[in-house]
Each structure stands twice: as C-alpha cells, then as structure tokens.
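Working notes, beginning with the structure itself.
Nothing in this text is a laboratory measurement; each read-out follows from the coordinates by a stated rule. Everything quoted here is computed from the prediction, not taken from an experiment. Quick reminder, even Gly has a Cβ in these numbers, built from the backbone with ideal geometry, and neighbours come from all protein chains shown.
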Amino acid sequence: MRQAKMSNNVAVKITILGQSYTLTSPAGKEEQLREAAQLLDNRLRTIKDSGRVVGLERMAVMAALNFSAEALQTRKDMATMELALGQLDAKVSHQLDLYQGTSDYD
C-alpha cells in the first residue's frame with residue numbers, strides 16, 4: 001500500500017537562498033510546492049536583507065513565525081467573514097420569509 005502511495009509522488013527541484021533541494025510532491029501539486037518555495041525564498045531574502053537577523057536557522061525561525069502569524073490572522077479573518085455571512089444569510093432568509101408571507105395573501 002505504501003508503494004502505491006509513493007508512486008503518486010514526483011520529484012521536484014526547488015532553490016531556497018541559492019541552495020537546491022529535491023523534494024517529493026504529490027502528483028499535480030508540484031506547482032504549489034514551487035510557489036511555496038518561492039514565497040519562502042522571498043521571505044528569507046527579505047529577512048536577510050534587513051540585517052536584523054543573522055544565521056540561517058534564526059532566519060528560518062523568523063520566517064516560520066511570520067507565516068504562522070499570517071495564517072492565524074487569516075483564520076481569524078475567515079471566522080469573522082463566516083460570522084458576517086451567516087448573519088447576512090439569516091437576514092436575507094428572514095426578508096424572503098416576510099416577502100413570501102405577504103405574497104401569499106395577494
């Protein structure tokens with residue numbers, strides 16, 4: 001069973017801060033992995049260029065923390081939007097119920 005799963009993976013070569021890595025990716029997800037690697041490379045270069053963080057390990061930790069903070073904010077934003085959409089849905093449903101209720105008498 002494991003071999004069948006592994007056969008659906010493909011090798012993808014990425015470069016981060018000039019260092020090449022060959023990783024495996026599920027078939028069809030190669031471009032997503034390349035985009036993620038490019039995003040990480042850009043973030044690491046920004047951190048490196050700032051001169052405030054020295055050392056690859058510290059830069060990697062800083063990038064991971066930045067991405068984690070962004071992911072948490074995105075989750076909070078999505079929860080807020082879902083709540084707002086739920087409230088809007090309830091209002092629209094209520095208005096439709098009112099409209100349908102009045103049109104039954106016409």
Relative pair counts by distance (%), Cα atoms of segment 1-52, 10 Å bins
24, 41, 23, 10, 3
Can you tell me, using C-alpha contacts under 8 Å and at least 6 residues apart, the relative contact order of segment 1-52 as a whole percent?
31
Report the extension gain between F67 and Q38 in nm, rounded to one decimal, defined as 0.36 nm multiplied by the number of residues separating them, less their alpha carbon distance.
9.1 nm
Near K76, within a Cβ-to-Cβ distance under 15 Å, what is the net charge of the other residues, with Lys and Arg +1 and Asp and Glu -1?
-2
Listed values [x] 2, 14, 24, 26, 18, 10, 4, 2, 0, 0; [y] 2, 11, 17, 16, 13, 11, 9, 7, 5, 3, 3, 2, 1, 1, 0, 0; [z] 2, 10, 11, 12, 11, 10, 10, 8, 6, 5, 5, 4, 3, 2, 1, 0, entry calculated as P(r) over Cα pairs in 5 Å bins from 0, in percent:
[z]
Residue-span extension gain [A90 to K76] - 0.36 nm each, minus C-alpha spacing
2.9 nm
Relative contact order (%) - criterion: Cα under 8 Å, at least six apart; region: the chain
15
With the chain treated as a Gaussian network of Cα nodes joined by springs under 10 Å, which of Q38, Q73, Q19 yields the largest mean-square fluctuation?
Q19
